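Peer 1: Take this structure, written in structure tokens, and hold onto it; I'll ask about it next.
The values are calculated or read from the model by the stated rules, or taken from the named source; none is laboratory data. Just so we're clear, the structure is a prediction, and the values are computed from it rather than from any experiment. Note that we place each Cβ from the backbone using ideal geometry, even for glycine, and neighbour counts take in every protein chain shown.
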Amino acid sequence: MAGVLRLGGRTFGPDDLVVMAIVNRTPDSFFDRGATFAADSALRAVERAVDEGAEIVDIGGVKAGPGAEVDAAEEIRRTVGTIAAVRAAFPELVISIDTWRAEVAVEAVAAGADLLNDTWSGADPALARVAAQTGAGLVCSHAGGLSPRTRPHRAAFDDVVADVLTTVTGLAERAVSLGVRADGILIDPAHDFGKNTRHSLEITRRLGELADTGWPLLVALSNKDFIGETLDLPVTERLEGTLAATAVSAWLGARVFRAHQVRQTRRVLDMVASIQGHRPPTVTRRGLA
């Protein structure tokens with residue numbers, strides 16, 4: 001059984017299902033098309049996410065896919081001020097910085113970030129050292145060997161889940177060896193990153209193997225292309241597929257869920273937790289009168 005996860009001032013138990021809200025300080029994000037690029041829009045999005053049940057917010061300044069060049073200085077400009085504003089407004093909220101760059105992470109943690117969400121699988125080896133030096137948490141992910149902001153081409157694995165397991169546990173063990181807190185580390189198979197749709201579906205089907213490692217498991221499923229291709233739907237119509245994958249992932253042992261639509265995700269997770277027996281119903285009237 002996986003243990004507790006400590007991020008910032010929060011402790012999450014092994015049965016807690018946690019929503020990580022996505023707030024992109026980018027003008028070209030694939031889902032919201034820049035809706036939270038402006039600083040005031042980003043802060044309003046955080047307020048809304050907290051109201052809808054998010055316990056972590058993940059703030060990013062660079063689009064994951066190919067696009068305009070964003071150097072470290074611009075990434076810092078986009079994210080650090082927002083992190084500071086969110087920290088001032090929500091002292092107890094866990095703040096994550098979505099970055100692969102150590103120099104960005106240093107500034108983000110100084111501004112109030114609690115977690116370094118490295119979706120590019122240790123592309124900058126110094127990032128884990130920042131987590132070790134600052135006490136921040138760290139996400140260890142699988143990007144299929146790709147460099148940041150590149151797309152897969154003819155992705156192939158003998159066994160995609162075995163490859164994910166080797167990569168993320170290796171990164172987690174390296175992080176611990178560098179001094180990162182073991183109770184601040186999560187692993188993420190990084191659906192779609194360096195993978196095709198069949199790979200992402202297989203990872204989802206076999207998430208229990210990742211959960212069995214004992215490392216807290218984060219999944220980033222929200223409106224991704226593997227859902228779009230599976231159902232042949234555009235990005236604006238992938239909510240039901242996302243929520244189905246979310247429920248399955250929660251049942252199989254995922255603990256943190258990166259999401260655009262917080263309220264719907266929170267409700268799905270609450271229902272799963274109640275079916276599992278980890279959360280009592282909010283009200284119980286039926287058959288009692």
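Peer 1: State yes or no: is ASP32 modelled with pLDDT of 95 or more and either more than 18 Å from the chain's Cα centre (by Cα) or surrounded by fewer than 22 Cβ atoms within 10 Å (Cβ to Cβ) (or both)?
Peer 2: Details: modelled with pLDDT of 95 or more: no; either more than 18 Å from the chain's Cα centre (by Cα) or surrounded by fewer than 22 Cβ atoms within 10 Å (Cβ to Cβ) (or both): yes.
Answer is no for this residue.
Peer 1: Filter region 138-169 down to residues that are in contact with an Asp or Glu (Cβ under 6 Å, 6 or more places away or on another chain), buried (at least 19 other Cβ atoms within 10 Å of the Cβ) and assigned to a loop (DSSP other than H, G, I, E, B), then give me how many there are.
Peer 2: Final tally of qualifying residues: 0.
Peer 1: Something else now. Would a scan of region 55-73 turn up a residue that is over 16 Å from the mean Cα position of the chain (by Cα) and basic (Lys, Arg)?
Peer 2: no
Peer 1: Restricting region 11-63 to residues that are in contact with a helix residue (DSSP H, G or I) (Cβ under 7 Å, 6 or more places away or on another chain) and in a helix (DSSP H, G or I), which is farthest from ALA88 (Cα to Cα)?
Peer 2: Residue satisfying both the conditions and the ranking: GLU52.
Peer 1: Could you please let me know if THR79 is in contact with a Gly (Cβ under 8 Å, 6 or more places away or on another chain), at pLDDT 95 or above and closer than 19 Å to VAL256 by Cβ?
Peer 2: no
Peer 1: Does region 266-288 include one or more residues that are at pLDDT 95 or above, in contact with an Asp or Glu (Cβ under 8 Å, 6 or more places away or on another chain), surrounded by 16 or more Cβ atoms within 10 Å (Cβ to Cβ) and of a type outside the set (Lys, Arg)?
Peer 2: Taking every residue of region 266-288 in turn, at least one turns out to be at pLDDT 95 or above, in contact with an Asp or Glu (Cβ under 8 Å, 6 or more places away or on another chain), surrounded by 16 or more Cβ atoms within 10 Å (Cβ to Cβ) and of a type outside the set (Lys, Arg).
Peer 1: Within region 168-193, track down each residue that is at positive phi and in contact with a Lys or Arg (Cβ under 9 Å, 6 or more places away or on another chain).
Peer 2: Filtering region 168-193 down to residues at positive phi leaves 179, 190, 192.
Passing the criteria: GLY179, ASP192.
Peer 1: Another one. Tally the residues that are in contact with a strand residue (DSSP E or B) (Cβ under 9 Å, 6 or more places away or on another chain) and either surrounded by fewer than 18 Cβ atoms within 10 Å (Cβ to Cβ) or among the β-branched types (Val, Ile, Thr) (or both), restricting the search to region 54-79.
Peer 2: Step one: list which residues in region 54-79 are in contact with a strand residue (DSSP E or B) (Cβ under 9 Å, 6 or more places away or on another chain), which gives 54-64, 75, 78-79.
Cutting the leftovers down to either surrounded by fewer than 18 Cβ atoms within 10 Å (Cβ to Cβ) or among the β-branched types (Val, Ile, Thr) (or both) gives us 56-57, 59, 62-63, 79.
Result for region 54-79: 6.
Here is a yes/no grid of residues against (1) within 18 Å of the chain's Cα centre (by Cα); (2) surrounded by 22 or more Cβ atoms within 10 Å (Cβ to Cβ); (3) β-branched (Val, Ile, Thr):
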position	(1), (2), (3)
LEU201	yes, no, no
LEU217	yes, yes, no
GLU237	no, no, no
LEU252	yes, no, no
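Peer 1: May I pose another question? I want to confirm something. Restricting to region 115-137 and keeping residues that are more than 13 Å from the chain's Cα centre (by Cα) and not small (Gly, Ala, Ser), which single residue is surrounded by the fewest Cβ atoms within 10 Å (Cβ to Cβ)?
Peer 2: It comes out as PRO125.
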